[in-house]
Amino acid sequence: MPNRVLIAPSLLAADFGRLREEAIAVEQAGADWLHLDVMDGHFVPNLSFGPAVLKALRPHVKMAFDVHLMIAPVDPYIAAFAEAGADHISVHAEAGPHLHRSLQLIRSLGKSAGVAINPATPPEAVGQVLDLVDIILVMTVNPGFGGQAFIESTLPKIRVLRQMTDASGRKIRINADGGVTAETAPRILAAGCDTLVAGTSVFGAPQYGPAIATLRPAV
Ligand code: DX5
Ligand code: ZN
């Protein structure tokens, strides 16, 4: 049976002066996970926030914290994010030479482990770690900024990844991250994603409930 489609609003597009209210608002609007983008100004050309922000938000919402680490090195910080309240921790395949070790570390802390891959990275980058992975985070824009246009050439890659995860026999979610809108979501889901990360199309909308609902497939 295919996985239920989940919607993960990205806090990067929220009003940073009202993060608690924004997190509560998307939860009440039907969000499944809260996606948290961590940037270091080195692996990606932007800075965002660290574990202290997760820790401050954690008591106020129940949604799973889906943490996307765009940082290198990543291993020295994984435990801090686990302690701060992350439920899922995704690291980039491109962030260092020891992806397998990073995933082992995440799992040893009892968290769901994810691998993120940039638009230029082939699907084979996750082939040798499928046994350690709960989430594949397909970057459908170049990481670093919200509000960019969806990159269409990621669709065939999503199809290949879905074949790989189906063949693995493991339950692995495939997330699309970047440029997810009501217009692009149907194509992304048809290609094989089951989780949609959406920043601008949720937090930029006048009402979060309808914005989230419109990303879900029609039943
Ligand atoms: C980009 C981040 C995304 C970003 C998506 O590096 O990983 O999560 O917030 O933003 P939108 O939905 O606006 O493309
Ligand atoms: Zn992200």
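The values are calculated or read from the model by the stated rules, or taken from the named source; none is laboratory data. Please read these numbers as outputs of a predicted model, since none were measured by experiment. Using ideal geometry, Cβ is built from the backbone for each residue, glycine included, and neighbour counts are taken over all protein chains shown. Surface areas here come from the heavy atoms of the whole protein model, side chains and all, with no ligands, DNA or RNA. Shrake-Rupley method; radii C 1.70, N 1.55, O 1.52, S 1.80 Å.
Taking each full run of DSSP H in the chain as one helix, which ones are at least 27 Å long along their axis (Cα atoms) and have mean Kyte-Doolittle hydropathy of at least 0.5? Write down the numbers at each step before the final one.
On the way: long enough: none.
Result, helices passing both filters: zero.
With a ≥ b ≥ c the root eigenvalues of the C-alpha gyration tensor of region 20-66, is it rounded (a/c under 1.5), prolate (a/b larger than b/c) or oblate? Since a/c reaches 1.5 and a/b is larger than b/c, the shape of region 20-66 is classed as prolate. Helical content of the chain, expressed as a calculated mean residue ellipticity at 222 nm, amounts to -9000 deg cm²/dmol (DSSP H runs of 4 or more residues, -39,500 (n - 2.57) each, divided by residue number, nearest 500).
For the chain, what % of the accessible area comes from carbon and sulfur atoms, probe 1.4 Å? For the chain, the apolar C and S fraction of the accessible surface comes to 56 percent. Accessible surface computed residue by residue for region 6-215, with neighbouring protein chains in place and a 1.4 Å probe, gives 41 Å² per residue.
Excluding P51 itself, what net charge comes from residues whose Cβ is under 12 Å from its Cβ, given Lys and Arg +1 and Asp and Glu -1? Every neighbour counted, the sum reads +1. Scan region 1-88 for trypsin sites (Lys or Arg not before Pro) in coil per DSSP, keeping those whose Cβ has at most 16 other Cβ atoms within 10 Å, and list them by number. Of the trypsin sites (Lys or Arg not before Pro), the ones in loops of region 1-88 whose Cβ has at most 16 other Cβ atoms within 10 Å are R4, K62.
A Förster radius of 25 Å, combined with the Cβ-Cβ distance separating H98 from K55, puts the computed FRET efficiency at roughly 0.40.
For the peptides 72-80, 84-92, what is the packing order when you average, over each peptide's residues, the other Cβ atoms within 10 Å and list the highest mean first?
The peptides rank, most packed first, as 84-92, 72-80.
For region 150-219 and region 77-145, what is the centre-to-centre distance using only Cα atoms, to the nearest Å? After rounding, the separation between the Cα centres reads 18 Å.
Derived from the Cα gyration tensor, the three semi-axes of the equivalent ellipsoid of the chain are 23, 22, 16 Å, largest first. Straight-distance candidates among the aspartates and glutamates for linking to K62, with alpha-carbon spacing under 19 Å and chain neighbours fewer than 8 residues away dropped: E21, E22, E27, D32, D37, E83, D87.
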